[in-house]
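Taking it in order: structure first as structure tokens, then the write-up.
The values are calculated or read from the model by the stated rules, or taken from the named source; none is laboratory data. Here the structure is a predicted model, which means the values were calculated and not measured. Note that we place each Cβ from the backbone using ideal geometry, even for glycine, and neighbour counts take in every protein chain shown.
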Amino acid sequence: MKITTEQFIKEFKRRLTDEYALDVKDATKEELYRTLAAVVKSGYFDIWRKSKNSFDQDQKKQVYYFSIEFLPGQLLKSNLLNMGWYTLVKKAFQELGLDLDEIAQVEPDMALGNGGLGRLASAFMDSSASLALPVNGNGIRYKYGLFKQKFVDGYQVELANAWLDQNNVWEVARPSKAVKVHFGGQVYLKEGADGTLEPVYENDKVILAVPYDTGIVGYKNRHVNTMRLWDAQIPAEEEINFPTIESRRRVEDLTSVLYPDDSNEAGKFFRLNQEYFFVSAGMQSIIRHYKQVHLSLLDLSQYVSVHINDTHPAMCVAELMRILLDDEKLSWEDAWKQTVQVMSYTNHTIMAEALEKWPLYMLEKVQPRLVQIIQEIDRRYALELEAKGQSQLLASTRPVKDNMIYMANLAIIGSHSVNGVAKLHTELLKQDVLKDFYTLYPERFNNKTNGITVRRWLEIANPSLTKTIDRVIGTKWHYDAKELHKLASHVSDKRLVDAIGQVKYQNKVRFAKYVKATMGLEISPKAIFDVQVKRLHAYKRQLLNLLRIIQLYLNLKQNPALDIYPRVFIFGAKAAPSYHYAKSIIKCINEVADLINHDDSLNDKLKVVFVEDYRVSLAEKIIPAADVSEQISTATKEASGTSNMKLMLNGALTVATLDGANIEIKDRVGEDNIFIFGLQKEEVLDYEQNHGYHSADYYQNDPAIHRVLDALVDGSIPHIQAEGREIFDSLVRANDEYFVLRDFEDYLRAQNEVDQLYRNQTQWNKKCLINIANAGYFSSDDTIRNYAEDIWQVTPTVSENGKVSAEDARYPL
Ligand code: 26Q
């Protein structure tokens, strides 16, 4: 059932009249956006219903992906693309005198995540739906998304992001599917008539968890999955227990704000409440649904898989045990067997300060019954190790120690699978961070290198590159991104290589216009666009980039004729509001930008653009315009990274350390098509273990470093008195934790190679082409296929049109 432009226009106009009593010419962008969204929903809602029903009818095993963050960005274009409507609607809008791009920009980003982890969860949702895998998202419907970032005098200021004020057109509230979550109070075990122990709850508070579902549209396959986000409300019959404004606010607060910290686990009581809230709501609704479809909970693991995205939902282990023991009366042994078979866990960091641990007394206040269960898990775990003669590994692996709960330990003991997110990261987990667990349970460990939504980052973000690629290798890559590799055999095709350069240039022109319009700053699309976009973190080393910029500036001031290829440095980064050091780096970058951008004597050889409020929709503008991708974290610190993949896919060349997925990118494109520099894993570990690094020596003995660091504190850069000093001290007096000074010289060497190579556009563009050709290996479709096969053991559903060729599997009107 194909739809035509005429049909679409008719339907669109009808809706606009029904909803607003307006003609196209009189409607605002918002009204047009809402109307289009309504038409789009009418195109997939019936399929959504059928997909859901088919899971139960076919008794499919289903996956529930628990993540405290999801970061989908805007959904209009990706829904249109996945429905097979994108080109058609674009054309129809042109006929109506409308610009789809403009109207799509009205949609506020769904920014319910901080960065990589949340974006990965959303990429996985898209890929699961596109592979017709029965995967459900489970998370929190934050009333306020990640803060909006503004710069005031170069300082980051955080503003509330009330994204729901404009109404979220994609969600459906399902109050009939609400569940009750119990908080606080006391619990004791009472012997029942049959001699079994039953928990008795007293003085607990009941909060209603109301689900809001969003359809996740699969790519041209008539399959729609569900992302379920929970909202907290006071149950009608409990009004009496929430008499004060304060007590009512505490309930609202549960789903009010996303914690804007993406590393430093602050141990906030509220965060623990959020974690229990979405874990309990999700687990309860899974079991309730399971019982409607299946007979015995002893078969649970045949039909249900629960994925724990980082440790934030690790309480899933204990909550499922609670439900199976207390509500369903399973024996401990039966319940535990099912739990371990059901659960799987992904680790996203090796940084100690980001590994969650919570004081027992805090969880006691959240849900005392979980404390009992976790202590019992701990007690039995100790017995098990003793029986195996491995008690020496107990202290480092047990879930409860010194009255703290170690969430990673709980997740690992309670799961049959533990994975890292890139080869190096998984190796480090096995050899270092989780070594003792690896000794105990080697079969649980596996790697799943991250991936990205290739369709969003090419077809939506970079339509001109998409067209160029389609012309050469066709469109099969839209389904299987590895097909992009066919481009590699065209490196000698001069016309293609030139076209890659022209497309990039046009994208740079477009981004330059955006910068001019939003920041009033003029940048030349002829310059190298050098991009570092990611959260601001010491280990990601935006500072290394900044020090080089300062050096270039000083060199140019000394010698204006210096032969450097003009460069525009582009940063996008938010810092956690409590992360003082990261905010100081933002301030310094902004002041250096101000200094450089207003200095005419530099002859436009240097510009620095720090975009405000980096987010998914802005990434879609920046990444297609990038020439250089900065992936310069200290080796061993970046678990994987995903901006590295998006940028290579869009034909940027990478300057990288051998860290995270950069290593796998290098292995794919080959050493000649990437700029590698810096300390390697072994050297970093050796420095760390043997305290062999003395950063002050680099300041003392390297005149270039000396001069750059002095500029931070001698007034050469105005307005950074405190921040410049803070950064100087971190590098010289606090021994430079992330080896910035150690890697500086080699970084300069790599960047000088970039400078030279860019002068030969043909050679440069060839390397871009090779990067694009190899980026298909980082598609989240393939990552998800591996999760489905190795960890979840789920298979695609055969949709109603299972026999229809994929091209005809568009969504009906
Ligand atoms: C934990 C406790 C309390 C408050 C906040 C948090 C918290 C929140 C978010 C801790 C960590 C995060 C996010 C981490 C994250 O985004 N990690 C990144 O995950 C990506 C996907 O696997 C990787 O590519 C990145 O390398 C990794 O840094």
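Points to keep in mind about this one:
- Among the residues listed as 504, 476, 435, the single one being away from the ligand (no atom under 16 Å from the Cβ) and either buried (at least 24 other Cβ atoms within 10 Å of the Cβ) or of a type in the set (A, V, I, L, M) (or both): 504
- Looking at 246, 239, just one residue is more than 27 Å from residue 160 (Cβ to Cβ) and either within 16 Å of the ligand (Cβ to nearest atom) or not in a loop (DSSP other than H, G, I, E, B) (or both), and that residue is 239.
- Among the residues of the range 181-192, those that are at negative phi and surrounded by 14 or more Cβ atoms within 10 Å (Cβ to Cβ) comprise 181, 182, 183, 187.
- Residue 695 vs. criteria under 12 Å from residue 588 (Cβ atoms) and not basic (Lys, Arg): no
- Taking helices (runs of 4 or more DSSP H) as the structural unit, those lying wholly within the range 613-697 and holding at least 3 residues that are of a type outside the set (A, V, I, L, M, F, W, C), farther than 25 Å from residue 455 by Cβ and more than 16 Å from the ligand (Cβ to nearest atom) correspond to 681-690.
- Unmet requirement for residue 319, which otherwise passes all of (1) surrounded by 23 or more Cβ atoms within 10 Å (Cβ to Cβ); (2) within 16 Å of the ligand (Cβ to nearest atom); (3) among the charged types (D, E, K, R): (2)
- Cβ-Cβ contacts under 8 Å between residues 6 or more apart (or on different chains), taken from a first residue in the range 262-275 that is under 21 Å from residue 182 (Cβ atoms) to a second residue that is more than 9 Å from the ligand (Cβ to nearest atom) and modelled with pLDDT under 95, are listed as 270/253.
- Within the range 294-316, considering residues that are part of a loop (DSSP other than H, G, I, E, B) and of a type outside the set (S, T, N, Q), the one surrounded by the most Cβ atoms within 10 Å (Cβ to Cβ): 315
- Filter result for residue 345 (at pLDDT 95 or above, within 16 Å of the ligand (Cβ to nearest atom) and buried (at least 24 other Cβ atoms within 10 Å of the Cβ)): yes
- Residue check, residue 200 of a type outside the set (Ser, Thr, Tyr), assigned to a strand (DSSP E or B), within 26 Å of residue 139 (Cβ to Cβ) and without any contact (Cβ under 8 Å) to a residue 40 or more places away in the chain: no
- Residue match in the range 242-255 (condition: surrounded by fewer than 18 Cβ atoms within 10 Å (Cβ to Cβ) and of a type in the set (Val, Ile, Thr)): yes
- Note on the range 253-266: among residues that are of a type outside the set (Phe, Trp, Tyr) and near the ligand (Cβ under 8 Å from one of its atoms), the one that is farthest from residue 540 (Cα to Cα) is 266.
- Count of the range 337-396 residues which are over 27 Å from the mean Cα position of the chain (by Cα), more than 23 Å from residue 297 (Cβ to Cβ) and assigned to a loop (DSSP other than H, G, I, E, B): 3
- Restricting 601, 584, 578 to residues that are among the hydroxyl-bearing types (Ser, Thr, Tyr), assigned to a helix (DSSP H, G or I) and surrounded by fewer than 20 Cβ atoms within 10 Å (Cβ to Cβ) narrows the list to 601.
- When residues in the range 526-548 are screened for being part of a helix (DSSP H, G or I), away from the ligand (no atom under 16 Å from the Cβ) and either not hydrophobic (A, V, I, L, M, F, W, C) or not assigned by TED's automatic domain parsing to the domain that holds residue 741 (or both), 2 of them pass.
- Test for residue 396: is it hydroxyl-bearing (Ser, Thr, Tyr) and buried (at least 17 other Cβ atoms within 10 Å of the Cβ): no
- Taken together, the criteria place residue 277 among residues that are within 16 Å of the ligand (Cβ to nearest atom) and modelled with pLDDT of 95 or more.
- Meets criteria (away from the ligand (no atom under 16 Å from the Cβ) and not assigned by TED's automatic domain parsing to the domain that holds residue 229) for residue 31: yes
- Test set (1) part of a loop (DSSP other than H, G, I, E, B); (2) more than 27 Å from residue 606 (Cα to Cα) - residue 486 fails condition number: (1)
- So residue 291, is it basic (Lys, Arg), within 16 Å of the ligand (Cβ to nearest atom), assigned by TED's automatic domain parsing to the domain that holds residue 142 and surrounded by fewer than 23 Cβ atoms within 10 Å (Cβ to Cβ): no
- Residue within the range 35-43 that is over 27 Å from residue 148 (Cβ atoms), in contact with a Pro (Cβ under 8 Å, 6 or more places away or on another chain) and surrounded by 18 or more Cβ atoms within 10 Å (Cβ to Cβ) present: yes
- Qualifying position, being outside any helix (DSSP H, G or I) and surrounded by fewer than 22 Cβ atoms within 10 Å (Cβ to Cβ), among 94, 59: 59
- Within the range 124-143, if we keep just the residues that are assigned to a helix (DSSP H, G or I) and within 17 Å of residue 213 (Cα to Cα), the residue that is farthest from the ligand (Cβ to nearest atom) turns out to be 129.
- Single match in 107, 158 (criterion: part of a strand (DSSP E or B) and of a type in the set (Asp, Glu)): 158
- Answer from 61, 77, 90 - the residue that is more than 19 Å from residue 12 (Cβ to Cβ), basic (Lys, Arg) and more than 14 Å from the ligand (Cβ to nearest atom): 61
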